[in-house]
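Step one of this worksheet: look at the structure below.
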Amino acid sequence: MRRISDECGATAVLVALLMVPLIGFAAITIDVGALYVERRQLQNGADAAALAIAQDCRDGVCDADPADTAAGLADANANDDNAFAKIVAFESVPDSGAGSVTVQTSTETDDGSTGLAHFFAPILGVDSTEVAATASAVWGAPVGGPTFFPFVISSCEFDKGFDVLLTIKLMSDDNKCEGPYGGNEVPGGFGWVPSSADGCGSNPIAVEQDVVGSDPGASMPAGCTALLEGLQGKTLLFPIYGAASGTGSGATYTIYGFAAFRITGWKLPSSNHPDPAAGSCSNKCVQGMFEEFVALDDAYEYGTAPDLGASVIKLTLENGS
């Protein structure tokens, strides 16, 4: 039998048959990968825009056009500078310092069309794909959350103002004051409150509904010395109490807000790191200053509370689902 040796054209047929799945795989690896990168950039832009608008509004400059802020940050987070942003929801509660905003970002090409253009998928009939991302942020005064150090501060001290270096004398007549919130000290109390069962910080505290107990004694609660030494120079949210009653372990503090306090020094029976710039501290004291502060922390609840210069801003929605 004579063998057929002419196979001209066989390779071309195989290439033609395999071209469609090859292009399909290229579309999956390259075009889908590009979609993933594009959406990540859009999500970054939406997150940044929502947080920035929330920050502006919490700072009292909501009158500026938030759409411009959203557009600028959407473009800044897109490698091709071709991102479109719009405000799809906005609420600012008057006189409360609280609100929410939702930003949606999407791809926009130079000619104004939307959707991300593909490299290989058009051969399969798919020219582009719509890509979008959504983020929501909320803002307001902290109304509840953990305290990482079990210490409450009198409203009398807060009333001395921001960025004023203070020496807060524990159990001192210097801390007593008159005013709508009282501010009296507790006999046998030093500003300490009971620690939580799992560490030095106190149990979560809520504004306007929590009356917290007192941990009497001049020394810090057990286990707090090492923690305090690691907090020097750092700013934390502390509960501010307006009224206090009782004595010793039976005393209570009525909390009405949270304020940010930067610890610069202290002088206590169990630990001494006084701040020379804060003034004399011959007895027991904590030194530092109140600051305006924004907490990007999901651990705190936000809402309407006395404005003590502290704010909670957080993302509540990472995508449109």
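Things to note:
- Solution diffusion estimate, µm²/s, Stokes-Einstein, region 143-317, Kirkwood Rh from C-alpha pairs, 4 °C, viscosity 1.567 mPa s: 81
- Neighbour counts of C-beta atoms inside 10 Å place Ile255, Ile153 in the sequence Ile153, Ile255, starting with the fewest.
- Of Lys160/Lys234; Lys86/Lys314; Lys267/Lys314; Lys169/Lys314; Lys160/Lys267, those spanning more than 27 Å from alpha-carbon to alpha-carbon: Lys267/Lys314; Lys169/Lys314
- Size of region 243-285 as Cα extents on the principal axes (Å, biggest first): 33, 24, 16
- Here Phe293, Phe149 are placed in order of increasing Cβ neighbour count within 10 Å, fewest first, which gives Phe293, Phe149.
- Simple label model, 7 Å out from Cα along Cβ direction - Ala226 to Ala299, nm: 1.8
- Listed from fewest to most Cβ neighbours within 10 Å, the set Ile87, Ile30, Ile53 follows the order Ile30, Ile87, Ile53.
- Close amide-amide hydrogen proximity is noted between Ser196 and Gly201, Ser202, Asn203, each under 5 Å apart and 5 or more residues distant or on a separate chain (H modeled in the peptide plane; Pro and chain starts excluded).
Coordinate-derived values only; no laboratory data. If you're wondering where the values come from, they're calculated on a predicted model, not measured in any experiment. Positions of Cβ are generated from backbone atoms using ideal geometry, with glycine treated the same way; all protein chains shown enter the neighbour counts.
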